[in-house]
Structure formats: C-alpha cells, structure tokens
1. Across the range 38-52, what is the number of residues that are under 25 Å from residue 139 (Cα atoms), at pLDDT 80 or above and of a type in the set (D, E, K, R)?
2. Just wondering, is there one or more residues in the range 40-50 that are farther than 22 Å from residue 93 by Cα, without any contact (Cβ under 8 Å) to a residue 40 or more places away in the chain, assigned to a loop (DSSP other than H, G, I, E, B) and open to solvent by less than 30 Å² (accessible area, probe 1.4 Å)?
3. What pairs come out if I take residues in the range 126-147 that are under 20 Å from residue 99 (Cα atoms) and open to solvent by 70 Å² or more (accessible area, probe 1.4 Å) and pair them with residues that are outside any loop (DSSP other than H, G, I, E, B) and hydroxyl-bearing (Ser, Thr, Tyr) whose C-beta lies under 8 Å away, six or more apart or interchain?
4. Considering 70, 91, 58, 118, which residue is open to solvent by less than 40 Å² (accessible area, probe 1.4 Å), out of contact with any Phe, Trp or Tyr (no Cβ under 6 Å at 6 or more places or on another chain) and closer than 17 Å to residue 17 by Cα?
5. I'm trying to understand the selection: among the residues of the range 73-88, which are assigned to a strand (DSSP E or B) and over 19 Å from residue 23 (Cα atoms)?
6. Looking for something under 23 Å from residue 138 (Cα atoms), open to solvent by 60 Å² or more (accessible area, probe 1.4 Å) and among the small types (Gly, Ala, Ser) - is there at least one such residue anywhere in the range 14-37?
7. Looking at (1) touching a residue at least 12 places away in the same chain (Cβ under 8 Å); (2) among the hydrophobic types (A, V, I, L, M, F, W, C); (3) farther than 21 Å from residue 107 by Cα, which one does residue 28 not meet, given that it meets all the others?
8. Being of a type in the set (A, V, I, L, M, F, W, C) and not in a helix (DSSP H, G or I) is the filter; apply it to the range 89-133 and report the residue that is nearest to residue 64 (Cα to Cα).
Amino acid sequence: MKIRKADARDVSRIAEILVFVKRMNYRAIFHNDDYSFNELQVLSVAKEYSSKEMLDHIWVYDDGIVKGMIRIDGAEIKELYVDHFFQGQGIGAELIEFAKIEYHAKFLWVLEKNIDAIRFYERHGFRKTDTKKLEAGTTENILLMEC
C-alpha cells in the first residue's frame, strides 16, 4: 500500500503541501493575503507538524514522492490535502477510504464555501448536516459532514 504513517522525514513535504494547497483553496474564500503569504509559511508549518503528538495522527500517500496527507483523530478526519500537481489521480480517494476502513472515520468539518471539497466528500459517502460553526478567528462557517 502507498499509504504509510508519517514520520519526521515527511515534515517538510507535509508543510509544503499544506501551505500551497491552502493558498490555492482558501485565499479566494478568506481574502487575507497577510495570512496567506506572511503567516502561512513552510518553516512555521513544519515546526508545528514536527511534534510526535501531531505525527502520530498523520498518514501520507507515498509512491516514491509524498503526494498527499491525511490527519485523523479518533473518528474525525482533521485534514486531507493532496499536492495540487497530483490532484485528480485518486490520491484523495485512497486516503479517505483508508481513514474510513482502517480508522473508522465517521465525520469531518469543511468550510461551507469550499464547494469542491464538499462535493469530493459527498462522492465518498459523507453527507452535510445542519451543524455549523464559525471557523476560529474568521467570519466563515465550517460545516459538519458525516458518513
């Protein structure tokens, strides 16, 4: 299987994927260039994700190149990101199915305005609920999805 537990050697690649995918997907929603280009930096994200506590919950899709990551905590999918260059190749689908089968992932939170992500999760058996809350530090809602 191409999905394996993340370890310290993956931290810089995970950070790179997170930073660039978040810029691509969230800049249009949040309209916050200061956050996107000053606060959201590969080095600071790598530091955040390098702790054992964080790495214990992350799996990567690695076929010789780390192309995606998923962070699972209990039954919750906390994050799922695939490098922009490798999107549309079934990597996200493999990661989400891995989480559902191996870790019995049952729910996640998604930005209400992230229509592409919502469609992706719906294709993989998640459904929108009526439960919403503000994303911390923003004016945007996140939506609970369950499968």
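1. 1
2. Kept after step one, since they are farther than 22 Å from residue 93 by Cα, are these residues of the range 40-50: 40-50.
With without any contact (Cβ under 8 Å) to a residue 40 or more places away in the chain added as a condition, the list becomes 40-49.
From what's left, assigned to a loop (DSSP other than H, G, I, E, B): 40-41.
Pick out the ones that are also open to solvent by less than 30 Å² (accessible area, probe 1.4 Å) and you get 40.
Yes, there is a match, as at least one residue in the range 40-50 is farther than 22 Å from residue 93 by Cα, without any contact (Cβ under 8 Å) to a residue 40 or more places away in the chain, assigned to a loop (DSSP other than H, G, I, E, B) and open to solvent by less than 30 Å² (accessible area, probe 1.4 Å).
3. none
4. Answer to the check: 58.
5. 73, 76, 77
6. Yes, the range 14-37 contains at least one residue that is under 23 Å from residue 138 (Cα atoms), open to solvent by 60 Å² or more (accessible area, probe 1.4 Å) and among the small types (Gly, Ala, Ser).
7. Result: residue 28 passes all but (1).
8. So the residue we want is 105.
The values are calculated or read from the model by the stated rules, or taken from the named source; none is laboratory data. Here the structure is a predicted model, which means the values were calculated and not measured. Using ideal geometry, Cβ is built from the backbone for each residue, glycine included, and neighbour counts are taken over all protein chains shown. Heavy atoms of the whole protein, side chains included, go into the accessibility calculation; ligands, DNA and RNA do not. Shrake-Rupley method; radii C 1.70, N 1.55, O 1.52, S 1.80 Å.
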